[in-house]
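To start, the structure under review is shown below, and the notes come after it.
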Amino acid sequence: MSKISLAVAGFGVATLSFLANAHADGAAPTSPPTTTATMPTVDDPMLTPVPRAKTELGSWEEALRNLKARSADLRVAEADVHRAEAQARTALAGALTQINGQAGYSYAIINPGTNVGSFKVSNPATNWNASISASQPLFAPRAWYAIGTADRNVEASTLSVADTKRQLAIAVANAAISVYTAERVAELNRNSLRDALSRLQLTKKRRELGAANGLDVVRAEQDAQATRGNLVTGDESLRQAREALGLALGLAEGVGVSKNLDLNGLASGANTSCKPGASPGDRPDVLATKKRLEVAERGKNDAKLQFVPTVSLGSTISVNRNLPDPSWNVSALLSVPIWDGGARYGTLRDVDAQIDQATVRIEAAERRATLDVLQAKRAITVAEQAREVASQAQVFAEQVDTLTQLSFAEGKGTSLELVTAATAHRQAEITLVLREFDVVKARIAAVLASANCDY
């Protein structure tokens, strides 16, 4: 039995003893009796807890396995890497030999023949031909340069995957803690309703014996209804928290947390799978923006290479039915860009703007990462201080609640004071729970603020 329940039990015993003595000799005792008794038995459908979720999270490692297997965000980020790798292969192909084959067949529907002097010679009605051609860039700096640019795109995409993993780890940890918090609050709400219903019963008994009036009963009723409302909203918050955890894990159902899940284990697990960087600039999203800047700068060089001539070597072997022998030719092609309507100059200006954007994004990413790390470290101290304040406030609220109940039992307090103290005590208990879980959340956030996750 909780301390508040014991206090309420004492309140009930003192009340009934007071009434008995008052009816016996007409005098009220100067202090509450020390006799002990049990709380009145209360029964209410709302006291039944929310059923546990069918699926429960048991460990940090289990959370990471679900993320790898089911996270849509992670799959999208990994697909970006695969796409960049495909583009790199395309860039490499641009610098390699190209071989093409061609074949054709024709049938002449009208074949008038060919005049040779005074004679007409008929042409074959059918004809076929085939050829194989090959070309090799000899001087193509733009094609060669594109290979290095594509490789940097792959690196940037890989870093984006690492940052996506970091953000998903934060989301899962926060979602799990939210479920833990909501379950604890739901438990407190039921304890509060049980205590409120007990106070209501005792107040009604006091009224029957003439020691309380209708206002006291109404206030007790009002307090019980208020706790019912808190319970309803708290249960819905629990269901939504479970659904949010399921969504973070890539599941289309609510997910609870196992009773065996160690919240401190979440922080240690995060520290194992996600290594904090030496500085905020080492965070994957910052490194990714720097790679994007390299790509943009190489894009400018690529635009300049559009002004450079190219040289390629080609060769073709062909056969034709109408020709007695196959043919083979070798050619060299010099391509010199002269005028394209200003398209290349437009590309240069476009690339300059992309470089400016990438530079600004780096500055923004570095500021954001620095601030995240600073706030995450400070948040631990703030959360611990807030928890200590909430702990002291809960102790005082409990004392006030207990003393108010005793005063009311002695006939010195009012029902308003009783209900107000009970409400304050309930809120202090919930606030303490929230602050306790804020500490765990802050510790995990400090680990992941600049981390590079690999799972």
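The values are calculated or read from the model by the stated rules, or taken from the named source; none is laboratory data. Just so we're clear, the structure is a prediction, and the values are computed from it rather than from any experiment. Counting neighbours? That spans all protein chains shown, and the Cβs are built from the backbone with ideal geometry, glycine included.
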Selection from segment 92-132 of residues that are hydrophobic (A, V, I, L, M, F, W, C), modelled with pLDDT of 90 or more and touching a strand residue (DSSP E or B) at 6+ places or on another chain (Cβ under 7 Å): A95, I99, A103, A130, I132
Unmet criterion (only one of (1) modelled with pLDDT of 95 or more; (2) within 30 Å of P309 (Cα to Cα)) for R142: (1)
Where a residue in segment 337-351 is among the acidic types (D, E) and its partner, wherever it lies, is surrounded by 12 or more Cβ atoms within 10 Å (Cβ to Cβ) and assigned to a loop (DSSP other than H, G, I, E, B), with Cβ under 9 Å and at least six apart: D340/Q306
Long-range neighbours under 6 Å by Cβ, at least six apart or interchain, first residue at pLDDT 90 or above and buried (at least 18 other Cβ atoms within 10 Å of the Cβ) within segment 295-311, second of a type in the set (A, V, I, L, M, F, W, C) and in a helix (DSSP H, G or I): A296/I355; A296/A358; G299/V351; A303/L348; A303/V351
Identity of the residue in segment 131-182, under 16 Å from K291 (Cβ atoms) and among the β-branched types (V, I, T), that ends up surrounded by the most Cβ atoms within 10 Å (Cβ to Cβ): T164
Only one of L215, L202, L193 that is within 30 Å of R52 (Cβ to Cβ), touching a residue at least 40 places away in the same chain (Cβ under 8 Å) and assigned to a helix (DSSP H, G or I): L193
Which numbered condition G234 fails, given (1) in a helix (DSSP H, G or I); (2) exposed (fewer than 15 other Cβ atoms within 10 Å of the Cβ); (3) among the small types (G, A, S); (4) without any contact (Cβ under 8 Å) to a residue 60 or more places away in the chain: (2)
